[in-house]
Amino acid sequence: MYDRIREKLSILADAAKYDVSCSSSGSNRKNDNKGLGNSHASGICHTYTEDGRCVSLLKILLTNHCIYDCAFCVSRKSNDIKRAAFTVQEVVDLTISFYRRNYIEGLFLSSGIFKDADFTMERLLRIVKKLRLEERFNGYIHLKTIPGASQELLTEAGLYADRMSINLEMPTETGLKLLAPDKSHEEVKKPLGFIENTITQYKDEKKTGLIKSIPKFVPAGQSTQMVIGATPETDMEIMYSAAEYYKNFKLKRVYYSGYIPISYDSRMPQIGSQPPLLRENRLYQTDWLMRFYGFEVQELLNPHNPHLDTDIDPKLSWALRNPEQFPVDINTADYRMILRIPGIGTQSALKIIRARKFGKLRSDQLKKIGIAYNRAKFFMRCADTPYQLNDPEPSHIKGLILSETNSKYLKVAQNQLSLF
């Protein structure tokens, strides 16, 4: 690889690491035995498909030049950093070269905005178009939507990308205006809405059966990302915003990125302060409960409870605040209510529904099913549950559960952070 290309890759892969719309696996395995692949190469990250497979992606920016001066962004125009830009052909060649070496299975491509939105989006489009049509590349492509780009460019890009995403940046308009006064959430909503409507249109055309061949349009859907902790939003404001975008734009994922201090701007946490990793984890847990466990966001967060507990997960927190819902009879309750028992996940709940068709379930059977019995036992009844005159107080239950819990976040040194 030419030295200049290697330098560009180092700069633009490093600049892309702050976008968590695809996740790193944390691997640093090198190829020392002349085998295939190398997970340590610059720009390689890992994400997961819907069926659980881990795939490697080349994750880079087209350029870190940007016309905006967003205070939270390392690529802001006022920041004194090394700048670089790939040509269209360089990104195409890198992707194919890495793919043929078995380094990657796909491409995650974003960019700073240089000149204007259409100029940047047009170059991103040329890259994915060349990969698909000229190189016949059929790997996964995640393409960032540039706010303000024309609908014609977005439509064509959607025919070549598997997933498209556009960053919301801050959870609220107020927070965004504080740190990026030139941006607005309306600029994000317009392309999200346009792409969602186009996806629906293509699906409707396919259902009619009148057209023989309908091309795929953004088959993996859309996602967005919020920066958490740079501005003073409550957890309630963050998750209400996420719920709105899930509902209105049918997003596949909302990503929550704990702010990593990169400047001495007095409006934000200072360099050296700990990123909000535990808070980020609690937000993802809440997101999971909304998407897979049937919870409404108002049940988990509301004006009386605007912040998530740091010492316990949001599902347990909800159960302790609603003791009148428990204990749940595991042998008669419906699937929705079984899912709400702390310590029982979606797969375990399905196993319970199937198993109880053959007889009433006892505690030893529930343990074999795989539930977290030491947590769930406080919130359920089964065939051999001993009779109790009085149910224990929520504070007592919380103390018992915490006494048996070890948080992985407490084991992380407070002055260290591993991004990848």
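Name the pairs: first residue in segment 365-380 and within 18 Å of residue 325 (Cβ to Cβ), second residue modelled with pLDDT of 95 or more and polar (S, T, N, Q), Cβ to Cβ under 6 Å, at least 6 apart or on different chains?
Filtered contacts from segment 365-380: 371/348.
Only one of (1) without any contact (Cβ under 8 Å) to a residue 24 or more places away in the chain; (2) over 22 Å from the mean Cα position of the chain (by Cα) fails for residue 182. Which number is that?
Condition not satisfied by residue 182: (1).
Just a yes or no: is a residue in segment 79-91 touching a Phe, Trp or Tyr at 6+ places or on another chain (Cβ under 7 Å) and either modelled with pLDDT of 90 or more or surrounded by fewer than 18 Cβ atoms within 10 Å (Cβ to Cβ) (or both)? Give the steps one after another, and end with the answer.
The first filter runs over segment 79-91 and keeps only residues touching a Phe, Trp or Tyr at 6+ places or on another chain (Cβ under 7 Å), leaving none.
The answer is no; no qualifying residue exists.
With respect to the numbered conditions (1) open to solvent by 10 Å² or more (accessible area, probe 1.4 Å); (2) in contact (Cβ under 8 Å) with a residue 60 or more places away in the chain; (3) within 22 Å of residue 200 (Cβ to Cβ); (4) not aromatic (Phe, Trp, Tyr), which one is the sole condition not fulfilled by residue 142?
(1)
Yes or no: segment 296-316 includes at least one residue that is surrounded by 16 or more Cβ atoms within 10 Å (Cβ to Cβ), out of contact with any helix residue (DSSP H, G or I) (no Cβ under 8 Å at 6 or more places or on another chain) and either assigned to a helix (DSSP H, G or I) or at negative phi (or both).
No: zero hits.
Yes or no, residue by residue, for (1) in a helix (DSSP H, G or I); (2) touching a Phe, Trp or Tyr at 6+ places or on another chain (Cβ under 6 Å); (3) more than 27 Å from residue 147 (Cα to Cα); (4) open to solvent by 50 Å² or more (accessible area, probe 1.4 Å):
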| site | (1), (2), (3), (4) |
| --- | --- |
| 93 | yes, no, no, yes |
| 96 | yes, no, yes, no |
| 102 | no, no, yes, yes |
| 109 | no, no, no, no |
| 123 | yes, no, no, yes |
| 127 | yes, no, no, no |
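Just a yes or no: is a residue in segment 289-302 farther than 25 Å from residue 367 by Cβ, at pLDDT 95 or above and β-branched (Val, Ile, Thr)?
Within segment 289-302 (the criterion being farther than 25 Å from residue 367 by Cβ, at pLDDT 95 or above and β-branched (Val, Ile, Thr)), the answer is yes, since at least one residue qualifies.
Yes or no: residue 56 among the polar types (S, T, N, Q), in a loop (DSSP other than H, G, I, E, B) and either open to solvent by less than 30 Å² (accessible area, probe 1.4 Å) or at pLDDT below 90 (or both)?
Against the criterion (among the polar types (S, T, N, Q), in a loop (DSSP other than H, G, I, E, B) and either open to solvent by less than 30 Å² (accessible area, probe 1.4 Å) or at pLDDT below 90 (or both)), residue 56 does not qualify.
The values are calculated or read from the model by the stated rules, or taken from the named source; none is laboratory data. Values in this document were obtained by computation on a predicted structure and should not be read as measured data. Positions of Cβ are generated from backbone atoms using ideal geometry, with glycine treated the same way; all protein chains shown enter the neighbour counts. Calculation scope for accessible area: heavy atoms of the full protein, side chains included, ligands and nucleic acids excluded. Shrake-Rupley method; radii C 1.70, N 1.55, O 1.52, S 1.80 Å.
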